[in-house]
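What follows is a single structure, written as structure tokens, with notes after it.
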Amino acid sequence: MPDTHFYRYDDYDRALVGERVAQFRDQVRRRLAGELTEEQFKPLRLTNGLYLQLHAYMLRIAIPYGTLSSRQLRQLAAIARKYDRGYGHFTTRQNLQLHWIRLEDAPDAIAMLAEVDMHSIQTSGNCVRNTTADHFAGAAIDEIEDPRVWCEIVRQWSTLHPEFSFLPRKFKIAITGSPNDRAAVRVHDIGLRLWKNACDEVGFEVIVGGGLGRTPMIGKTIREFLPKDELLAYLEATLRVYNRYGRRDNLFKARIKILVHEIGAERMREEVEAEYAAMRDSALKLSPETVEAIARQFAPPVLRPRRTRVPEVEAMKLENRAFALWLKSNVAPHRVPGHAIVTASLKPAGAPPGDASSAQMEGVADIADAWSHGEIRVSHEQNLVLPHVAIESLPEVYRALEKLGFAEANVGKITDIIACPGLDYCALANARSIPVAQRISNHFAELARQHDIGDLKIKISGCINACGHHHVGHIGILGVDKNGVELYQLSLGGDVDFGKTALGTILGPAVESDKVVEAVEAMVATYLGARRPGERFVDTYRRIGAQPFKERVYGNS
Amino acid sequence: MEIPSEQPIDQGPMLVLDNAEDVTRLGDRLAGVKLIVLNFPKFTDGRAYSQARLLRERMGYTGELRAAGQVYIDQIPFMLRCGFDSFASAQKGFAEALAKARTLFSVVYQPTGDGRTTVNQLRLQHRRSAAA
Ligand code: SF4
């Protein structure tokens, strides 16, 4: 087994996942034999990540805290080749979806996951889902503490939790260890933010009741500072309050955000604190040994400081404009001098956002082995990340990514679009998302222009469930259905940067599919005409308001 | 299945509770109770799992705890862990599944009142004996 710098299963974890595969195999057998009705089977397959879509079953595989070894990524590629059509779709929640799975094959596919210490447990259904983290964790320059240690602790605690496997609705937790939140913690059912208080102790801010979907809400802080060893007690208390009092009469009002909204953050805090008071110092309290044993496994690779100014890199910058742009948009500072974090863009011009073929996955795994200590991350922006690259290797990494089609210098730019699967796959969709993303991507493909436009996040959802997070896009695009016609509602001004998490405002009447690109172009033109030096699109919008954008998009009439 | 409310049965008084009931407020009503029936109106409605744990772990209830309503095979491992020890289910194969349910998962992560040793406790024991 190659060295990994994150948690590896021990025999206990492996036993549990193996037994879960056996249980699921039996459930599928009973379903195929007619011993289980579809109604009885549905929650069972959902909590194993198997979801029925428009054309076939979809298998959603958890990538805990978005961290993968090259070996795991190769196995995902192999599963996609063997049981799907040779490609997969990385989602906004650090999962991988395979969209063409046969029910009969699902237990074998899941068994292949278990071979590399992975699973699809609780990636769907009304239970605690995959806990997500900052995709730069363990490498980011601004990090206080690696959030993945805590994600793993939550993963274990939430796996087959006997009390919380039939919640009113799904439950998503995200953890960040940096002041610059890259995990969108304010739009999760529970968001946890590690921070250091005045006494130099690190603890969690606990944020509850955020979420997007049809009723987008920004989470409320119910605990400013929670000692780290009490995390599970506090989570259990919160989940218990939700399990007991969350609404079950209406699917659309069942998320914890509605409970928090209806009873108020103050009352929620009181309920949780009362429950927590009865649970603290219980068996849920984490012993220092337990935490240390897990934290040790997340020890970063030993990176010696290296040259930060490398002549070959400087030379290539002058020769190759695309490489120079790529350095600006796709390469982020690493905490160890002479290293960098590289984002491989899964959004080449005109491609469906987040898709990767098996060959591409294997290619990224090879690059990770050669230049990133065998490690890969999945970002909630649907890109892949190589967290530990020496600056002197950047030219080689760039060329290798270029061969895969993943070297587009567009991270954070207008074509780095988040889009949900939409009507091409999803039974709930009102409209297509992917083709709209592709058209915008083609229209703005020119890299120099993208860099001139600067940071601009477009997010597209095919229906009000908001899997594409359109509410927090600088430009949000939502598919709506009007008498059988696919229309798109535009919103402006959403954001997920910490401290200024904001929900977008609807700009005006929904537009037809072939008018979306024009409308985006009009918004961009408005910004370019009005921006002040240093202002991003969303800053200009905040300063001048929606009116100028509206006029440009809809005309003055 | 229909169970009349608060009728004495052979072993002593019983309580049949709606799943919205706050079991932490039962107080005196728990005195002398030998059987509590918790309800799963739909198997996807998981409120009674919390009721069960609160009864066992907070209220110190030690009598029989029965799951009634939509009680199916695949819920058994969860129910056992939450403190249920009796089941009213008409599902075919339920008894066989119940016999196997305790060993379906050899490891558990969560401490509950069921007395099972959690993975973290096992790891700690292992580390401490390795260190000794
Ligand atoms: S937003 Fe709607 S269309 Fe898109 S994936 Fe989610 S449910 Fe499906």
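The values are calculated or read from the model by the stated rules, or taken from the named source; none is laboratory data. This structure is a prediction, so every number in the text was calculated from the model and none was measured. Cβ atoms come from the backbone with ideal geometry, glycine included; neighbour counts cover every protein chain shown.
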Practice task
Those residues that are touching a residue at least 40 places away in the same chain (Cβ under 8 Å) and over 21 Å from the mean Cα position of the chain (by Cα), I need them from the stretch A:398-411; list them, please.
Solution key: A:Tyr398, A:Leu401, A:Lys403, A:Leu404, A:Gly405
Handout entry: Selection status of A:Asp105, charged (D, E, K, R), more than 21 Å from A:Glu230 (Cα to Cα) and either surrounded by fewer than 24 Cβ atoms within 10 Å (Cβ to Cβ) or within 14 Å of chain B (Cβ to nearest Cβ) (or both)
Key = yes
Exercise for the section: List every residue pair whose Cβ atoms sit under 7 Å apart, with the two residues 6 or more apart in sequence or on different chains, where the first one lies in the stretch A:162-189 and is on the phi > 0 side of the Ramachandran plot and the second, anywhere, is part of a loop (DSSP other than H, G, I, E, B). Expected result: A:Ala184/A:His380; A:Ala184/A:Val496
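Every residue in the stretch A:199-244 that is aromatic (Phe, Trp, Tyr) and under 16 Å from A:Ala183 (Cα atoms), please.
Start the filter on the stretch A:199-244 by keeping residues that are aromatic (Phe, Trp, Tyr), which leaves A:204, A:225, A:234, A:242.
Across the stretch A:199-244, the qualifying residue is only A:Phe204.
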Fill in the blank from the handout: A:Pro168 meets each of (1) within 14 Å of chain B (Cβ to nearest Cβ); (2) in a loop (DSSP other than H, G, I, E, B); (3) within 17 Å of the chain's Cα centre (by Cα) with one exception, condition (3)
Problem - Neighbours by Cβ (under 7 Å, 6+ apart or cross-chain): first from the stretch A:190-209, surrounded by fewer than 17 Cβ atoms within 10 Å (Cβ to Cβ); second among the charged types (D, E, K, R) - result: A:Val202/A:Glu145; A:Val202/A:Lys196; A:Val202/A:Lys228
Completion exercise
A:Ser513 vs (1) among the hydroxyl-bearing types (Ser, Thr, Tyr); (2) within 16 Å of the ligand (Cβ to nearest atom); (3) buried (at least 19 other Cβ atoms within 10 Å of the Cβ): all pass except (3)
Exercise for the section: Test A:Arg399 against the stated conditions and say whether it is away from the ligand (no atom under 16 Å from the Cβ) and either in the same structural domain as A:Glu362 (by TED's automatic domain parsing) or in contact with a Ser or Thr (Cβ under 7 Å, 6 or more places away or on another chain) (or both). Expected result: yes
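Looking only at the stretch A:452-484, filter to residues that are assigned to a strand (DSSP E or B) and of a type in the set (Lys, Arg); which one of those is farthest from the ligand (Cβ to nearest atom)? Show your work before the answer.
To start, the set of residues in the stretch A:452-484 that are assigned to a strand (DSSP E or B) comprises A:458-461, A:475-482.
Okay, now just the ones that are also of a type in the set (Lys, Arg), so A:459, A:482.
Details: A:Lys459: 10, A:Lys482: 16 Å.
Here the answer is A:Lys482.
Can you tell which of A:Ile414, A:Ile453 is touching a residue at least 60 places away in the same chain (Cβ under 8 Å), in contact with a Phe, Trp or Tyr (Cβ under 8 Å, 6 or more places away or on another chain) and surrounded by fewer than 23 Cβ atoms within 10 Å (Cβ to Cβ)?
On the way: A:Ile414 fails: surrounded by fewer than 23 Cβ atoms within 10 Å (Cβ to Cβ).
On inspection, the qualifying residue turns out to be A:Ile453.
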Handout entry: Scope the stretch A:381-417; condition over 19 Å from A:Arg335 (Cα atoms) and among the small types (Gly, Ala, Ser); matching residues
Key = A:Ala400, A:Gly405, A:Ala407, A:Ala409, A:Gly412
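How about the stretch B:61-132: which helices (runs of 4 or more DSSP H) wholly inside it have at least 2 residues that are over 24 Å from A:Glu289 (Cβ atoms)? Step through it out loud before you land on a result.
On the way: elements: B:76-82, B:94-104, B:119-131.
Answer list for the stretch B:61-132: B:76-82, B:94-104.
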Practice task
Would you check if there is a residue in the stretch A:418-426 being more than 17 Å from the chain's Cα centre (by Cα), within 26 Å of A:Asp495 (Cβ to Cβ) and of a type in the set (A, V, I, L, M, F, W, C)?
Solution key: yes
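Yes/no matrix, rows are residues, columns are (1) surrounded by fewer than 22 Cβ atoms within 10 Å (Cβ to Cβ); (2) of a type in the set (Asp, Glu); (3) touching an Asp or Glu at 6+ places or on another chain (Cβ under 6 Å):
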{"position": "A:Lys82", "(1), (2), (3)": "yes, no, no"}
{"position": "A:Gly86", "(1), (2), (3)": "yes, no, no"}
{"position": "A:Ala111", "(1), (2), (3)": "yes, no, no"}
{"position": "A:Ile121", "(1), (2), (3)": "no, no, no"}
{"position": "A:Ala140", "(1), (2), (3)": "no, no, no"}
{"position": "A:Glu143", "(1), (2), (3)": "yes, yes, no"}
{"position": "A:Val149", "(1), (2), (3)": "no, no, no"}
{"position": "A:Trp157", "(1), (2), (3)": "no, no, no"}
Completion exercise
Checked pairs for the stretch A:477-492, first over 19 Å from A:Asp424 (Cβ atoms), second away from the ligand (no atom under 11 Å from the Cβ) and of a type in the set (Ser, Thr, Tyr), C-beta under 9 Å and 6 or more apart or across chains, list as A:Ser491/A:Thr505; A:Leu492/A:Thr505; A:Leu492/A:Tyr541
Handout entry: Every residue from the stretch B:50-82 that is under 21 Å from B:Val33 (Cα atoms), within 13 Å of chain A (Cβ to nearest Cβ) and touching a Phe, Trp or Tyr at 6+ places or on another chain (Cβ under 8 Å)
Key = B:Ala52, B:Leu55, B:Ala67, B:Gly69, B:Met79, B:Cys82
Completion exercise
Restricted to the stretch A:402-448 and to residues being out of contact with any Leu (no Cβ under 9 Å at 6 or more places or on another chain) and of a type in the set (D, E, K, R), the residue nearest to the ligand (Cβ to nearest atom) is A:Arg439
